[in-house]
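J.: Quick one: structure below, then a few questions.
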Amino acid sequence: GAWSSIGENTMRRILSFQLVSSNGHILIAVALLSLAGYRGGLLYLVHSVLTLGALVLASGAVEQTYGTGHLVRLADLLRREKALAWIVGLALISLVGFPPSAGFIGKAALVVASAAATPWVAAVIIGSVIVASILSLVAMQRLWHDVFWGPKMTVYRSRLPAAVRSDESKDDLVPLPDSVRIPTLDLVPAGLMLVLSLAMFFGAGPTWDIATRAAQGLVDLGPYVEAVRGR
């Protein structure tokens, strides 16, 4: 998933393959079958939902305003869209796994849990996490460079087409006025999900405790069975 995201050319496709990579991280918990593994998997699951959710919503806001999510049609949004840049930038940091982010906690928990496995299993899982993180970093750096840096945008598509195509034509491009901006309300959903993701990091203690209790429920099914039976 991380490797495939490097070769894509639209925001939504890059993020879709990052979702594949995130699912692979979550499945590490299934492979480890341990309390620490379940805890790490649950932490990463919540992080993935919040972070990728924020990025997908932000990319949707870009497409809605500029009529495209194609990397070659976007540029210099760092200057035009300050709020968007903050949201996407912090979410990308979390997706790669840098602090301060929930992604850092999730990946660290998975690595620690993997280290307790047999040596060859630990080597394979930790090595895979490191390689996937490096590939994700390359893909996210490319997305950031193409969308937020570069020359000033002079043309755009005034409306989003019925079907988003990978081979967009230049025929429907029109001059981009300085007044065009992403509406604030379009960024609110992505911003809220990013805030929740950051809260996971700054509230790491309570978050860790909740994940531990949830993981214990997956390891010890006795209390669940008793609750269902009413005993």
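The numbers here are math on the coordinates, done by the rules we state, and not lab data. None of the values given here were measured: they were computed from a predicted structure. Cβ coordinates were reconstructed from backbone atoms using ideal geometry, including for glycine residues, and neighbour counts include every protein chain displayed.
J.: Order by neighbour count: 44, 224, 66, fewest other Cβ atoms within 10 Å first, most last.
T.: Exposure proxy ranking, most exposed first: 224, 66, 44.
J.: By counting other Cβ atoms within 10 Å of each Cβ, how are 87, 26, 130 ranked from fewest to most?
T.: 130, 26, 87
J.: Place a +1 charge on the Cβ of each Lys and Arg in the chain and a -1 charge on the Cβ of each Asp and Glu, then give the dipole magnitude about the Cα centre in debye, rounded to the nearest 20.
T.: The calculated dipole for the chain is roughly 100 debye.
J.: Continuing with this model, one more query. Among 60, 85, 211, which residue has its Cα furthest toward the positive end of the charge dipole of the chain, with +1 on Lys/Arg Cβ and -1 on Asp/Glu Cβ?
T.: About the Cα centre, the residue reaching furthest to the positive side is 211.
J.: Would you grab the residues whose amide H sits under 5 Å from the one on residue 155? Only those 5+ places off in sequence or on another chain, please, with H modelled 1.01 Å from N.
T.: Hits under the 5 Å cutoff: 176.
J.: Moving to a separate point now. Any idea what angle helix 35-66 forms with the longest principal axis of the chain, computed on alpha-carbon atoms, 0 to 90 degrees, nearest 10?
T.: 10
J.: Given R₀ = 22 Å, FRET efficiency for residue 174-residue 82 by Cβ-Cβ distance, to 0.05?
T.: 0.40
J.: Mind jotting down a quarter of the surface of the convex hull over the alpha carbons of segment 2-229, in square nanometres, one decimal?
T.: For the Cα atoms of segment 2-229, the hull's average projected area reads 14.4 nm².
J.: If each residue's Cβ is checked for other Cβ atoms within 10 Å, how do 70, 47, 145, 25 rank with the fewest at the top?
T.: 145, 70, 25, 47
J.: Now a separate question. How high is the FRET efficiency between residue 209 and residue 30 when r is their beta carbon distance and R₀ equals 25 Å, given to the nearest 0.05?
T.: 0.65
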